[in-house]
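A quick write-up on the structure given underneath.
The values are calculated or read from the model by the stated rules, or taken from the named source; none is laboratory data. None of the values given here were measured: they were computed from a predicted structure. As a convention, Cβ positions derive from the backbone with ideal geometry for all residues, glycine included, and neighbour counts pool all protein chains shown.
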Amino acid sequence: MGVKTGIGWCDHTFNFWIACNKVSTECKHCYISPIIKRMGKEPFDGPMQTKDWTGPSRWDRKAGEAGVRRKVFTCSMSDFFHEDADPWRG
């Protein structure tokens, strides 16, 4: 996930996990829901951990070698403080 993104203002996206809770009526229009459904999951069924966390360090190294700065949209499909992700933040 996140090798390259179509999001204009950033170069990469990275999610430590994918998870959110419905907290208000605005969640009905969340952009994450259809993306997660395409992955064969239900958007609010609990967190899914990202297996490969090496992307950001790899992108940083390559950007350093190229002498450029890259923007990474972190937690674009998650709530970093999701209560079910406590063990992964440890």
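How many residues, within the stretch 4-25, are more than 23 Å from Ala85 (Cα to Cα) and touching a residue at least 24 places away in the same chain (Cβ under 8 Å)? Full working, then the answer.
Quick first cut of the stretch 4-25, residues more than 23 Å from Ala85 (Cα to Cα) only: 4-11, 25.
With the extra rule that they be touching a residue at least 24 places away in the same chain (Cβ under 8 Å), the set shrinks to 5, 7, 9-11.
Here the count works out to 5.
Search the stretch 4-36 for residues being assigned to a loop (DSSP other than H, G, I, E, B) and small (Gly, Ala, Ser), and hand back the single one that is nearest to the chain's Cα centre (by Cα). Spell out the reasoning first.
Quick first cut of the stretch 4-36, residues assigned to a loop (DSSP other than H, G, I, E, B) only: 4-11, 15-16, 20-24, 30-31.
Right, trim to small (Gly, Ala, Ser) and you get 6, 8, 24.
Details: Gly6: 14, Gly8: 16, Ser24: 21 Å.
Filtering first and then ranking leaves Gly6.
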Note to self: Looking at the structure I just gave you, is Lys28 without any contact (Cβ under 8 Å) to a residue 12 or more places away in the chain, in contact with an Asp or Glu (Cβ under 9 Å, 6 or more places away or on another chain) and farther than 16 Å from Phe81 by Cα?
What the structure shows: no
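Take the residues of the stretch 54-67 that are surrounded by 12 or more Cβ atoms within 10 Å (Cβ to Cβ) and hydrophobic (A, V, I, L, M, F, W, C): which is nearest to the chain's Cα centre (by Cα)?
Trp59
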Next item on the list: Pull up the stretch 53-90, narrow it to residues that are in contact (Cβ under 8 Å) with a residue 40 or more places away in the chain and part of a loop (DSSP other than H, G, I, E, B), then point me to the one that is farthest from Gly6 (Cα to Cα).
Entry: His82
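Which members of the stretch 40-52 meet the condition of being surrounded by 13 or more Cβ atoms within 10 Å (Cβ to Cβ) and either touching a Gly at 6+ places or on another chain (Cβ under 8 Å) or in a loop (DSSP other than H, G, I, E, B) (or both)? Don't jump to the end; show me each part of the working.
Within the stretch 40-52, the first condition is being surrounded by 13 or more Cβ atoms within 10 Å (Cβ to Cβ), and the residues that meet it are 41, 43-44, 46-50.
Lys41, Pro43, Phe44, Gly46, Pro47, Thr50, listed by residue number.
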Notebook entry, point to check: Out of curiosity, is Asp79 in contact with a strand residue (DSSP E or B) (Cβ under 7 Å, 6 or more places away or on another chain), closer than 18 Å to Cys20 by Cβ and either at pLDDT 95 or above or not β-branched (Val, Ile, Thr) (or both)?
Noted result: yes
